[in-house]
1. Can you name every one of the helices (runs of 4 or more DSSP H) wholly within the range 27-130 that holds 2 or more residues which are under 30 Å from I351 (Cα atoms) and in the same structural domain as R149 (by the TED database)?
2. Taking only the range 315-331 into account, find how many residues are out of contact with any Leu (no Cβ under 9 Å at 6 or more places or on another chain) and more than 16 Å from A258 (Cα to Cα).
3. Report, by residue number, each residue of the range 164-204 that is in contact with a Lys or Arg (Cβ under 6 Å, 6 or more places away or on another chain) and of a type in the set (S, T, N, Q).
4. Residues of the range 14-34 being small (G, A, S) and open to solvent by less than 10 Å² (accessible area, probe 1.4 Å), which ones?
5. Looking only at residues that are without any contact (Cβ under 8 Å) to a residue 12 or more places away in the chain and aliphatic (A, V, I, L, M) in the range 122-173, which one is least open to solvent (accessible area, probe 1.4 Å)?
6. Within the range 1-13, does at least one residue satisfy the condition of being of a type in the set (S, T, Y), open to solvent by 10 Å² or more (accessible area, probe 1.4 Å) and closer than 19 Å to L152 by Cα?
7. Within the group T80, T113, which residue is touching a His at 6+ places or on another chain (Cβ under 7 Å), modelled with pLDDT of 95 or more and not hydrophobic (A, V, I, L, M, F, W, C)?
8. Based on this model, can you work out whether V213 counts as among the aliphatic types (A, V, I, L, M), in contact (Cβ under 8 Å) with a residue 40 or more places away in the chain and surrounded by fewer than 14 Cβ atoms within 10 Å (Cβ to Cβ)?
Amino acid sequence: MTDTTRPDIAVYIGRFQPFHNGHLALLRQALELAGEVIVVIGSAHQARTPRNPFTWQERADIIRLALPEADRARVHFLPTRDYYDEARWVEAVRAGVAGLGSRLGLPAKPTVTLIGHFKDATSGYLGRFPGWTLHAVERTDPVDAVHIRDALFGASGHGLEAALAALQPVAPATTLDFLRAWAALPFHPALAREWQMLRKYKQDWAAAPYPPVFVTVDSIVRCGDRVLLIQRGQPPGVGLYAVPGGFIEQRETAYQSALRELREETSLGLLEPSMQAALKDRAVFDHPDRSQRGRVISHAFYFDLGDRALPDVQAADDAQLAQWVPITDLAGMEDRFHDDHFHMLDHFLGITD
């Protein structure tokens, strides 16, 4: 490739939970294609979970450590939240790449190549960037980050060293060194317990004739400049913030289930006519990856109680805390929310730009 045909930027998008040899092979190709490489780190700003155990900063460090010193200065990181809204996510990636390119002193309209491989349905995003050249690479390495996380959370004590040794063919030594050090931190035992719970949950449903689809309900309740939140008392997501909600009952409508779950978790004592008058909007949240439990579709209801005294609330059922939280505080709490509940709040309250 000559300098005149070489793209200004190669973009590589992934979650890198964690970074493995398949990722490294693609990143090396990106470095060969362009002078500057932007690594878009997805699932940024989320709470630590078995699916997203590492912060975007930790993932950026893992990637840097796997590269020769000479290449590190040419790799730049763009943390991007999932949004669970593809159009909005694509717009955020484009804007982020343009902003980084400008700071790097590249042309106002740089030529961009997007590198990746079509693994499964989750790779559809590769076709969502018109104007960028797609450099599709055939997948040659079967390694998957899911298997690495399973090894990390399924082992403990001396078993961890054996699990990491078994991963030597699939991950850079620097990644394994990071995992070894990270497993000694307080996060590991709690996430391993959640991983065990989720694995059992999925095993219990494995005998179903079809993959199960669960239906839940959630309530976003605003009063003045505050919104009602709980902290979860049961896994998954123990201690994380969430909007009140739960599973729909067989003989209830979604709205009826939402009110029932709201009362059970927060003891909010407003009468049904008051709640009906406060109902302002509703939406369905159905992204396939929104829940760690599996395929979960939520019907969310937005209530605005107006400017009045805050109703009394008290945690009950499977909530360990119920409280009215200032809406202005929510942006700084993004990495402490369960599943996509921050994005539910963002949908109705407009928290992010």
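1. Where helices (runs of 4 or more DSSP H) fall fully within the range 27-130 and carry at least 2 residues being under 30 Å from I351 (Cα atoms) and in the same structural domain as R149 (by the TED database), they are 56-65, 86-103.
2. Of the residues in the range 315-331, 5 are out of contact with any Leu (no Cβ under 9 Å at 6 or more places or on another chain) and more than 16 Å from A258 (Cα to Cα).
3. none
4. Of the range 14-34, the ones small (G, A, S) are 14, 22, 25, 30, 34.
Matches in the range 14-34: A30, A34.
5. For the range 122-173, the residue satisfying everything is A155.
6. Looking through the range 1-13, none of the residues is of a type in the set (S, T, Y), open to solvent by 10 Å² or more (accessible area, probe 1.4 Å) and closer than 19 Å to L152 by Cα.
7. On the way: T80 fails: touching a His at 6+ places or on another chain (Cβ under 7 Å).
Being touching a His at 6+ places or on another chain (Cβ under 7 Å), modelled with pLDDT of 95 or more and not hydrophobic (A, V, I, L, M, F, W, C) holds for just one of T80, T113, which is T113.
8. Working: among the aliphatic types (A, V, I, L, M): yes; in contact (Cβ under 8 Å) with a residue 40 or more places away in the chain: yes; surrounded by fewer than 14 Cβ atoms within 10 Å (Cβ to Cβ): yes.
The answer is yes for V213.
The values are calculated or read from the model by the stated rules, or taken from the named source; none is laboratory data. On a predicted model such as this, the values are computed, not experimentally measured, just so you know. Here the Cβ is made from the backbone with ideal geometry for all residues, glycine too, and neighbour counts use every protein chain on show. Only protein heavy atoms, including side chains, enter the accessible area calculation; ligands, DNA and RNA are left aside. Shrake-Rupley method; radii C 1.70, N 1.55, O 1.52, S 1.80 Å.
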